[in-house]
Number of protein chains: 2
Amino acid sequence: MGRVYNFSAGPAVLPEEVLKEAAEEMLDYRGTGMSVMEMSHRSKAYEEIIQTAEQDLRDLMNIPDNYKVLFLQGGASQQFAMIPMNLMKNGVADYIITGQWAKKAYQEAKLYGQANAIASSADKTFSYIPDCSDLPISENADYVYICENNTIYGTKYKTLPNTKGKTLVADVSSCFLSEPVDVTKYGVIYGGVQKNIGPAGVVIVIIREDLITEDVLPGTPTMLRY
Amino acid sequence: MGRVYNFSAGPAVLPEEVLKEAAEEMLDYRGTGMSVMEMSHRSKAYEEIIQTAEQDLRDLMNIPDNYKVLFLQGGASQQFAMIPMNLMKNGVADYIITGQWAKKAYQEAKLYGQANAIASSADKTFSYIPDCSDLPISENADYVYICENNTIYGTKYKTLPNTKGKTLVADVSSCFLSEPVDVTKYGVIYGGVQKNIGPAGVVIVIIREDLITEDVLPGTPTMLRY
């Protein structure tokens, strides 16, 4: 039996040359005498792996130096909580609801402050992206949240919302690395890697460094602070 | 160069036959035509993997049916927050401090309620396990917390603390599966798998099912609820 090309919405197919390389290095990663899975996260060999991964992403997306790149666990769903816990300084955020994932993020944010649904396409089963050129952005909104691509409904933002100067936070799980983006237009770009970048289990968060502060909501777990 | 046997305190050596099997299955897991890393978490092939993993652990540890086995992310450090967020119904927990990891768990618990250090071996650089036969367990303690094995200091509980009927929660990251245990003596047994069970990235939580409730602390992220 040959290789199957998996088109499903979840975890996606990986390049054969990558899988072959991983298989070949399984018992001895580049002369270290061990698998990547056996080495210390403080070892030189691993340090080079993670630094190269970050640099490759920085090169591909042209990520400016004042943005941090974080490789995290917990999936996009954990970001639904981490974003308000870390960014809701005023306790207010505006959400644009274009599908189930944006809705889940919005509902989670309500646990932490005033989350406003400032636009939605729920009226037509999320079959379109609302006009976002002049939305009622809250005066004290800490951020405006979007899910940039909505696989289930086949919709994608063609232009980013006019946030009227507020920080834009975008879940790009299903369009990550699929086209050139101007990172400077976002405060946070994040997504699970399982569709476009690698195997399931990692979420990448690209965040402007001034958004990373000690001033998080009370009760934010240490491991959930950017 | 031959294989290196890694004795370090962090991620440990994996069995060669396991690595070989993983390498051989990298492009085609048992005739599915794809790698494990490419398949849906809802597929039959993956369902069998996770169910077999759970059953193997249940068999090895003789885990009773009224305990759930959870495979989670975030490491033991994320459990330091999840435990109080999920179990502190009275807002009180007792901690026995036998090393840096117990201390970190204790400090994290203080974010969520009254965490009491009811015993400690900090006076002699954690070189011993305190006498835990008659500790001042708090009357309304939701649980008593220990780190069962302390690699850095070379100490391990030979007998479990007398919790006077309170739920025992134990971090067993560095002694997981190293000897027979009576699961029924614990409310929660948890640990990172990277030392004794598998590659880094997963934490296993074995939890008595009556401890899993909807009644969690306000602000507990959805993904952090047992």
Subject >> Conditions (1) within 14 Å of another protein chain (Cβ to nearest Cβ); (2) closer than 26 Å to A:ASP59 by Cα; (3) out of contact with any His (no Cβ under 8 Å at 6 or more places or on another chain); number of the one not met by A:ILE204 >> reply: (1)
Original post:
Which residues, taken from the stretch B:1-23, are more than 7 Å from chain A (Cβ to nearest Cβ) and of a type in the set (Val, Ile, Thr)?
Top reply: B:VAL18
Original post:
Do we find a residue being outside any helix (DSSP H, G or I), in contact with a Leu (Cβ under 9 Å, 6 or more places away or on another chain) and within 30 Å of A:PRO180 (Cβ to Cβ) anywhere in the stretch A:45-64?
Top reply: yes
**OP:** For the stretch B:108-141, name all the residues that are among the polar types (S, T, N, Q) and within 15 Å of B:VAL169 (Cβ to Cβ).
**Re:** B:ASN116, B:SER138
Original post:
Which residues, taken from the stretch A:94-117, are in contact with a Leu (Cβ under 9 Å, 6 or more places away or on another chain) and either part of a loop (DSSP other than H, G, I, E, B) or free of Cβ contacts under 8 Å to residues at least 60 places away in the same chain (or both)?
Top reply: A:TYR112, A:GLY113
Original post:
Conditions: (1) facing chain B (nearest Cβ under 7 Å); (2) touching a helix residue (DSSP H, G or I) at 6+ places or on another chain (Cβ under 9 Å). A:PRO84 meets all but one. Number of the miss?
Top reply: (1)
Original post:
Going by the structure shown, is B:TYR29 more than 7 Å from chain A (Cβ to nearest Cβ) and assigned to a loop (DSSP other than H, G, I, E, B)?
Top reply: yes
Original post:
Taking the stretch A:180-214 only, how many residues are under 20 Å from A:MET82 (Cα atoms) and under 12 Å from the mean Cα position of the chain (by Cα)?
Top reply: 15
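Every read-out reported here was derived from the displayed coordinates using simple, explicitly stated rules and does not represent laboratory data. The shown structure was predicted, so the numbers you read here are calculated from the model rather than taken from an experiment. When we count neighbours, we look across all protein chains shown, and the Cβ atoms used for this are built from the backbone with ideal geometry, even at glycine.
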